[in-house]
């Protein structure tokens with residue numbers, strides 16, 4: 001029963017969303033067109049249908065939003081669309097077969113998004129009631145790759161599982177479950193936690209211990225950092241006690257040092273970060289020979305720096321970048337997953353790369369705005385946790401590529417190739433739209 | 001809770017801002033350093049997307065370096081091919097996919113890749129890149145005459161040595177032959193580089209990669225008498241008619257330095273009374289030994305410097321592929337140039353033994369300066385550089401390195417050098433109808449009967465145009481006048497169009 005006066009607002013919000021989606025559709029079309037122009041000999045004009053297909057897909061998402069969350073923030077969906085479009089265009093440019101798979105995953109993502117909106121359109125806050133279940137699910141998903149016969153080690157980290165021919169990174173979905181658990185638990189216990197009552201800390205310490213165990217067991221530094229960052233961020237938001245964050249950071253550093261001592265894989269990552277180039281030859285573990293580090297362990301990172309640097313100010317242009325040697329070998333491995341940012345930075349240049357990061361920034365600011373305007377503690381923490389996780393994940397992967405922090409393999413939200421990443425980030429999007437729809441409805445009702 | 005949320009939002013924004021800053025660092029600040037890294041796999045490919053400029057011979061038709069177009073992974077790539085693989089190989093140099101470069105391919109890489117252009121050229125290149133047109137480099141038009149170069153290389157054959165020929169007025173280098181040579185196309189073939197390293201020529205000496213015209217440092221032997229005689233005449237201490245008594249030896253530091261060991265001396269072993277001109281004609285060591293003692297090593301070295309010794313020649317080759325001539329000493333750090341005259345033996349220096357080491361290019365410059373009335377021409381290899389549209393970007397402007405000797409001295413030396421060819425040690429360089437002026441040299445190598453055979457000359461002696469220097473390494477009983485002079489003669493004939 002919308003209050004009088006809510007009518008025009010509702011129309012305006014969704015129509016704005018539609019307008020921005022049209023803009024994104026045009027940008028997508030231009031992107032695919034430039035890839036096509038750059039490589040006419042290999043690519044058929046049919047590639048342009050990608051843009052049309054893509055626009056239709058997001059139009060469907062828009063219609064679902066119009067029906068289920070009419071008062072939701074009108075910016076987040078078009079921004080998510082823009083990011084997926086940028087990712088898909090670059091993935092398409094790097095290889096058509098992966099692009100088809102990625103497009104399929106985007107379809108699945110939109111379906112999951114629609115299901116989440118439809119399922120939770122009345123009241124998503126019922127999730128709060130299942131908080132311990134979500135906590136268990138988060139831990140369970142994290143440990144899944146460790147199950148024998150299910151997990152697989154990629155790049156020294158064990159974070160993939162194989163089910164019926166499908167590769168899946170359960171850690172990505174675990175992130176969502178963790179945020180739901182934390183938001184619900186912290187909403188309930190924030191006062192007693194702030195007072196420092198020890199027994200209420202139990203579940204949180206379990207999570208900390210879990211994250212650290214996962215770190216030890218899977219060598220997945222990136223996910224551990226992400227989980228732990230979300231945990232600390234939400235803990236601070238709920239309790240306003242900066243001392244907790246300081247203690248948490250201290251514990252994390254202690255754990256990290258222990259891992260550094262105990263895990264050669266982690267020591268390598270740190271060495272690659274501190275000294276990617278060596279002037280003397282060091283032992284190369286992959287072939288047992290003495291090599292310059294830039295020719296062995298840090299090869300990926302260093303070639304990625306070259307890729308970014310080659311983009312310069314204006315970039316080479318979409319489709320014009322150099323990613324293969326003269327004999328046709330790919331220079332940077334994992335280019336469309338972990339290193340998609342260095343591909344984009346080369347082709348779009350500083351203008352495009354900074355623009356992309358600004359788009360992330362707008363998404364993050366909209367997310368926090370939704371959190372600020374939300375009416376209840378759970379909604380606030382939920383939106384803030386999803387948004388902060390999104391920002392932190394971007395920082396961990398791009399910061400790793402840019403040598404701000406040691407590199408850890410993790411996906412760039414909505415842009416990287418990878419199904420689990422796409423699906424989980426569509427859930428982030430759904431969560432933010434649900435929260436903002438409710439907040440705007442409450443505001444309209446209050447008016 | 002909103003206060004905390006605001007702060008959390010600030011943290012998130014700061015994190016993303018750091019990323020923008022770091023991206024700026026890599027793409028603006030560090031971009032140049034990254035491009036220069038040897039292991040940059042992208043640059044290794046990008047270099048092939050540029051059509052390197054062609055390298056032409058002096059006739060404008062012969063192409064020393066061309067490109068072969070290939071399609072690979074959506075890019076049009078241009079690979080270097082050298083249609084005359086072994087012709088002037090060391091001077092042309094190579095440019096490989098591993099970004100190893102030598103010769104003019106290295107030193108003029110900026111022109112060849114079109115990156116050393118003026119503002120409008122840079123703008124044009126930018127438009128090309130955006131429009132996906134190929135960036136084309138500038139073409140080099142060399143002074144090398146392919147026909148004569150080819151003849152010189154054929155004459156050298158498998159013998160180790162070098163031939164340099166130049167225009168005595170302008171310094172334009174017509175021949176830069178270094179033997180043994182190698183096929184530039186072989187460098188990138190599988191195992192090709194290793195095969196090139198095995199090419200040693202008859203001398204079993206330094207590698208074929210080595211440019212003997214500018215990197216070969218040889219004992220000059222009697223060809224250095226050109227410098228000593230120039231100093232003797234130019235200082236006014238002697239005239240061509242100054243008389244000497246040759247007892248068959250010269251006394252240095254109380255020891256006799258005998259003519260008998262002088263392989264280059266033409267005629268009798270003991271000449272008795274003779275003048276400077278005759279001593280030059282027959283390359284009599286004892287006379288030059290006494291001149292050296294009288295002038296002192298410092299004066300001789302000063303004159304050598306006027307001819308360009310002690311300076312790395314300014315021609316367009318890379319800095320590490322050309323050496324200065326002069327006295328060398330051996331230290332723990334290797335061979336180093338020294339002009340400390342107090343340590344030099346003036347008598348032996350005067351007839352070109354001692355520790356004097358010279359390049360064939362330097363000896364050609366000495367002959368050219370004498371031919372040019374005493375003014376040393378600055379040697380160069382690139383006549384002009386043209387842009388992709390054919391417009392001239394740079395044209396060589398012949399320069400001199402200054403006056404070495406007075407015109408009078410040069411004229412007297414010219415006469416003396418003509419006598420060498422007419423009836424002295426260099427008669428094998430005679431060309432019917434053309435007056436040739438030259439000087440032989442047969443330097444001891446430290447091994448009995450194995451010599452470094454020299455001939456430096458110019459022609460026509462009455463209206464000089466071309467100077468030629470020839471050196472042959474490790475010649476068994478091979479005297480400059482016998483083995484090197486005939487090569488110089490044929491090169492001169494080709495240059496004169498005979």
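Using the Cβ-Cβ distance between residue A:97 and residue B:38 with R0 = 35 Å, the FRET efficiency computed as 1/(1 + (r/R0)^6) comes to roughly 0.55. Computed from label points 7 Å out along Cα-Cβ, the spacing between residue A:247 and residue B:498 is 10.4 nm. A crude spin-label estimate for the pair residue B:242 and residue B:199, with each label 7 Å from Cα along the Cβ direction, gives 4.6 nm. Taking each DSSP H run with n ≥ 4 as -39500 (n - 2.57) and averaging over every residue of chain A yields -23500 deg cm²/dmol at 222 nm. In plain terms, the residue of A:403, B:81 with the fewest other Cβ atoms within 10 Å comes first and the most crowded comes last, giving B:81, A:403. Which whole-number percentage describes the relative contact order of chain B, with Cα contacts under 8 Å and a sequence gap of 6 or more? The normalised contact order for chain B reaches 15 percent.
Counting only Cα atoms, the size of chain A along its three principal axes is 71, 59, 42 Å, in decreasing order. Using only alpha carbon pairs under 8 Å that are at least six residues apart, calculate the relative contact order of chain A and give it in whole percent. This gives 23 percent for chain A. What angle, in degrees between 0 and 90 and rounded to the nearest 10, separates the Cα long axis of helix B:146-156 from the longest principal axis of the Cα atoms of chain B? Roughly 60 degrees, rounded to the nearest 10.
I need the Debye-formula profile for the stretch B:415-467: one equal scatterer per C-alpha, no solvent, reported as log10 I(q)/I(0) at q = 0.30, 0.31 1/Å, two decimals. Values, matching the q order: -1.11, -1.16. Eigenvalues of the alpha-carbon gyration tensor of chain B, scaled by 5 and square-rooted, set the equivalent ellipsoid semi-axes at 52, 25, 21 angstrom, largest first.
With the Cα gyration tensor of the stretch A:352-409 in hand, convert its eigenvalues to equivalent ellipsoid semi-axes via √(5λ) and list them largest first in whole Å.
Calculated on Cα positions only, the semi-axes equal 26, 14, 5 Å.
At q = 0.11, 0.21 Å⁻¹, work out log10 I(q)/I(0) for the stretch A:299-441 with the Debye formula, treating every Cα as an identical point scatterer and leaving solvent out; two decimals please. These q points yield log10 I(q)/I(0) values of -0.47, -1.20. Axis of helix B:119-130 versus longest Cα principal axis of chain B: the two differ by about 50°, to the nearest ten degrees. Each of A:296, A:284 has some number of other Cβ atoms within 10 Å of its Cβ, and from fewest to most they run A:284, A:296.
Between the beta carbons of residue B:310 and residue B:158, assuming R0 = 30 Å, the FRET efficiency works out to 0.35 to the nearest 0.05.
Report Rg/Rh for the stretch A:196-355, rounded to two decimals, where Rg is the Cα radius of gyration and Rh the Kirkwood radius. So for the stretch A:196-355, dividing Rg by the Kirkwood Rh gives 1.08.
With 0.36 nm allotted per residue and the present C-alpha distance subtracted, the residue A:198-residue A:283 stretch has 25.8 nm of extension available. Out of every Cα-Cα pair that the stretch B:1-106 contains, those further apart than 22 angstrom amount to 55 percent.
Over the stretch B:172-227, the pair-distance histogram of Cα-Cα distances with 10 Å bins from zero comes to 21, 40, 28, 9, 3 percent, rounded to whole numbers.
For the stretch A:289-376, the equivalent ellipsoid built from the Cα gyration tensor has semi-axes of 34, 17, 10 Å, listed from largest to smallest. When the alpha carbon coordinates of the protein assembly as shown are projected onto the principal axes, the ranges are 131, 55, 47 Å, largest first. Between the alpha-carbon centres of the stretch B:306-356 and the stretch A:366-404 there is a gap of 71 Å. According to the Kirkwood relation over distinct C-alpha pairs, the hydrodynamic radius of the stretch B:308-394 is 15.4 Å.
Here the stretch B:358-498 is treated as a Stokes sphere of Kirkwood radius computed over C-alpha pairs; at 4 °C and 1.567 mPa s its diffusion coefficient rounds to 81 µm²/s. Calculated translational diffusion coefficient of the stretch B:263-415 (37 °C, 0.692 mPa s; Stokes-Einstein with Kirkwood radius over alpha-carbon pairs) equals 186 µm²/s. With helices as the sole contributors, chain B gives -9500 deg cm²/dmol at 222 nm; each DSSP H run of n ≥ 4 counts as -39500 (n - 2.57), and the sum is divided by every residue. For chain B, DSSP calls about 95 percent of its internal beta bridges antiparallel.
Mind pulling the angle between the C-alpha long axis of helix B:407-423 and the longest principal axis of chain B? Nearest 10 degrees, somewhere in 0 to 90. Taking the Cα atoms of chain B, the angle to B:407-423 is about 70 degrees.
The numbers here are math on the coordinates, done by the rules we state, and not lab data. The structure presented is a predicted model; accordingly, all values stated were derived computationally and were not measured. Counting neighbours? That spans all protein chains shown, and the Cβs are built from the backbone with ideal geometry, glycine included.
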